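Down below is the structure, laid out as structure tokens.
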Amino acid sequence: MNDQALTHKQLFWLFLSMQVIMIMLLTPVASIKEAKQDAWISSILATSISLIIMWSSIKVCSKYPSLDFHEIIEKIIGKWFGRFLSIVLLISFTIVLALILRQYGEFISGTILPRTPVSVIIFCILAAAIYPTFHGISVIGRLAEIFGPILILGILIPILLGVGNMHFNHLLPPFYDSGVLQIILGSLAPSVFLSDCILVLWLYNLSEHHSKKNKYLMMSILVSGILYLLTVISIITTFGVKLASSHFYPFLLLERYISIFGVIENLDSIIITVWILSIFLKICLYLFVISYGFSRYTIKKNRKKMLLYIVILVYVFSLLPRNVIESSIEFPEKIAVRYILPFWVILPLYLVLVYYFKSKKDKHKQSKQQTLP
């Protein structure tokens, strides 16, 4: 099957689906702890950071529509330095994927399968993810088109049903318990999850060339950010800052709190189902990008064979954290926020700047040559 078969609409659903649920479940508590009732401002800041990453990534790739990213980066900053940064980027994807798998395993074990070993849970979703990834990005794109609308409804309906439990005075007064620094710190956790839109560097030229492609990609990040904003507001207005920041999965608690006349209850099962669909797409997308990227640096460029090696590697890595504290708290604080997030933000911006100055220099040389007699 042809890997280069993503449509612009599939790109939209792919990035929206793979980002929105994980950020809603795992990051609100960290954001609320830092920014208190101003965590909604932190969510806007996190979305802005992600939009900058997506914009700069699009700018880089759109300049070389016929090249893969490993060729683009080598063309802009040189073969060896470009190859080094490209491989470092792929390694960062591999590390993040291993932690995503572990977080998934811990979540499922802690909610619906408490007696099932985390290793078995991770093995099962990896085994399921191999099939669509093996058959190419087009299959993953079609899955995103199917799952995407279901995911959006699974998020919006529970939030709307919980409006009666919300007290918007919990958002007041702004800037009272936090300052600019706390708001910035509160944006870091959601920024880590939203910034993986940098995957578009490897996917942009593996899709159709459409006039609306850039618009749809930016919209996917914007919609993800809006849904996250609504989530944070609903959590704070329902529980208040103190209770919301004391629960590991406050959005799941929010859904359990909903009761409509004693008939519509236990909506957390909907969120868990939607989360599994979203994380499945995320794992497939990461596996494809990592296996495709690393295969470009092999002699045979066999992505399918590389996929099997990557699956084994990330499975082993996912079992290294000893508990949920290491995978969901210590890793984001000590590794993701300090090293991975800055690298993901700076790399596409750096490439845009280098390309701009190189093209300006080339134009200056051409104008000089034209003026010579």
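The values are calculated or read from the model by the stated rules, or taken from the named source; none is laboratory data. Please read these numbers as outputs of a predicted model, since none were measured by experiment. When we count neighbours, we look across all protein chains shown, and the Cβ atoms used for this are built from the backbone with ideal geometry, even at glycine. These area figures cover heavy atoms from the full protein model, side chains too; ligands, DNA and RNA do not enter into them. Shrake-Rupley method; radii C 1.70, N 1.55, O 1.52, S 1.80 Å.
Before moving on, here are some points about what is shown:
- Residue that is least open to solvent (accessible area, probe 1.4 Å) [pool: residues in segment 309-344 that are modelled with pLDDT under 90 and among the polar types (S, T, N, Q)]: Ser327
- Residues in segment 131-151 that are in contact with a helix residue (DSSP H, G or I) (Cβ under 6 Å, 6 or more places away or on another chain) and either of a type in the set (Ser, Thr, Tyr) or at pLDDT 95 or above (or both): 1 in all.
- The criterion of being within 17 Å of Thr111 (Cβ to Cβ), open to solvent by 10 Å² or more (accessible area, probe 1.4 Å) and not small (Gly, Ala, Ser) does not hold for Phe251.
- Filter pass, Ser295 being in contact (Cβ under 8 Å) with a residue 60 or more places away in the chain and open to solvent by less than 40 Å² (accessible area, probe 1.4 Å): no
- Flag if Ile53 is at pLDDT 95 or above and under 22 Å from Ile183 (Cβ atoms): yes
- Comparison of Arg115, Arg83, Arg102 shows that the only residue that is of a type in the set (Lys, Arg) and free of Cβ contacts under 8 Å to residues at least 24 places away in the same chain is Arg115.
- Residue check, Val29 assigned to a helix (DSSP H, G or I) and touching a His at 6+ places or on another chain (Cβ under 9 Å): yes
- Residue ranges of helices (runs of 4 or more DSSP H) in segment 115-201 with at least 2 members in contact with a Gly (Cβ under 8 Å, 6 or more places away or on another chain): 118-134
- Checked against the criterion of being closer than 24 Å to Tyr292 by Cα, touching a strand residue (DSSP E or B) at 6+ places or on another chain (Cβ under 9 Å) and open to solvent by less than 50 Å² (accessible area, probe 1.4 Å), segment 145-162 contains not a single residue that satisfies it.
- Any chance Ser56 is under 15 Å from the mean Cα position of the chain (by Cα), among the polar types (S, T, N, Q) and either open to solvent by less than 10 Å² (accessible area, probe 1.4 Å) or within 30 Å of Gly110 (Cα to Cα) (or both): no
- When Asp196 is tested against (1) farther than 18 Å from Leu156 by Cα; (2) open to solvent by 40 Å² or more (accessible area, probe 1.4 Å), just one condition goes unmet, and that condition is (2).
- Counted residues, segment 174-193 - those being open to solvent by less than 70 Å² (accessible area, probe 1.4 Å) and either among the acidic types (Asp, Glu) or out of contact with any helix residue (DSSP H, G or I) (no Cβ under 8 Å at 6 or more places or on another chain) (or both): 1
- Residue count for segment 257-283 under the criterion of being modelled with pLDDT of 80 or more and either in contact with a Gly (Cβ under 6 Å, 6 or more places away or on another chain) or open to solvent by 60 Å² or more (accessible area, probe 1.4 Å) (or both): the result is 2.
- Within segment 37-53, considering residues that are under 16 Å from the mean Cα position of the chain (by Cα) and not hydrophobic (A, V, I, L, M, F, W, C), the one surrounded by the fewest Cβ atoms within 10 Å (Cβ to Cβ): Ser48
- For segment 79-134, a residue qualifies if it is farther than 24 Å from Tyr292 by Cα and charged (D, E, K, R), and the qualifying residues are Glu106, Arg115.
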